[in-house]
Amino acid sequence: MAEIIRAYREQMPAFRFIGKRYGEEDRVNGSFAAKWGEWFSKGWFGELEKLSQGPAGDWDAYIGLCHMKEDGAFEYWIGMFLPPQTQVPEGYASQDFPAAELGVCWVQGTGGEIYQREAECIKRLEAEGISVGERWSMERYQCPRYTTPDEAGRVILDYCFFVR
């Protein structure tokens, strides 16, 4: 069973998020997993990794960025955070973010049980006195937490929410 093993505040530096934007019409069986598969099969992360300036701690990670627009439309972006002035490669889109405070939860588990845990994370963060915003959130697939299972086969997915 998946569980939240850590909840805390974190400072995010200013970044330019570079990736590709998707909408509800891009979901397959309720998820964007097929789009993640496309990213890996087409080597799109490799293009972005070339633009990185080296390890950036927890921010040197693949990101699933969620955005609820003012009109109620949902966007899901896949990509990476890069330095603020990074040139956007052809075929990618970008979104600039100022430095911000985040509420972060680490969800540990196996297989698909770690996904779609946003509501639990928000509840936990609010119990910790961290009030989250409603427009932007993200899944941070940080190495090695997400990529290297522990002895029980569990990995950790970071859920990050902008603080109000």
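The values are calculated or read from the model by the stated rules, or taken from the named source; none is laboratory data. For clarity, every value in this text was computed on a predicted model and none was experimentally measured. Cβ: placed from backbone, ideal geometry, glycine included. Neighbour counts: every protein chain shown. Side chains included, ligands, DNA and RNA excluded: accessible areas come from the protein's heavy atoms. Shrake-Rupley method; radii C 1.70, N 1.55, O 1.52, S 1.80 Å.
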Considering each residue of segment 60-119, count those that are within 17 Å of ILE4 (Cβ to Cβ), of a type in the set (Val, Ile, Thr) and part of a loop (DSSP other than H, G, I, E, B), and give that number. 1
Let me spell it out: the conditions are (1) buried (at least 17 other Cβ atoms within 10 Å of the Cβ); (2) among the β-branched types (Val, Ile, Thr); (3) within 15 Å of the chain's Cα centre (by Cα), and THR86 meets all of them except one. Which number is the exception? (3)
Select from segment 120-134 the residues that are in a strand (DSSP E or B) and out of contact with any Gly (no Cβ under 7 Å at 6 or more places or on another chain) and write down the one among them that is most open to solvent (accessible area, probe 1.4 Å). GLU134
Within the set of pairs 6+ apart or on separate chains, which have a first residue in segment 16-34 that is closer than 25 Å to GLN85 by Cβ and of a type in the set (Val, Ile, Thr), a second that is open to solvent by less than 40 Å² (accessible area, probe 1.4 Å) and part of a strand (DSSP E or B), and C-beta atoms under 6 Å apart? ILE18/GLY79; ILE18/LEU82
What are the residues in segment 1-21 that are surrounded by fewer than 17 Cβ atoms within 10 Å (Cβ to Cβ) and not in a strand (DSSP E or B), if any? MET1, PRO13, ALA14
Screening LEU51, LEU65, LEU102 for residues that are in contact (Cβ under 8 Å) with a residue 12 or more places away in the chain and within 18 Å of TYR146 (Cα to Cα) leaves only LEU65
Out of the residues in segment 53-82 meeting the condition of being touching a Ser or Thr at 6+ places or on another chain (Cβ under 7 Å) and open to solvent by 10 Å² or more (accessible area, probe 1.4 Å), tell me which one is modelled with the lowest pLDDT. ASP60
Answer residue from segment 22-52, given it is among the polar types (S, T, N, Q) and surrounded by 11 or more Cβ atoms within 10 Å (Cβ to Cβ) and is nearest to the chain's Cα centre (by Cα) among those: SER31
Does ARG140 count as in a strand (DSSP E or B), open to solvent by 80 Å² or more (accessible area, probe 1.4 Å) and either under 22 Å from HIS67 (Cβ atoms) or among the small types (Gly, Ala, Ser) (or both)? no
Any residue at all in segment 45-57 that is among the small types (Gly, Ala, Ser) and farther than 20 Å from CYS143 by Cα? no
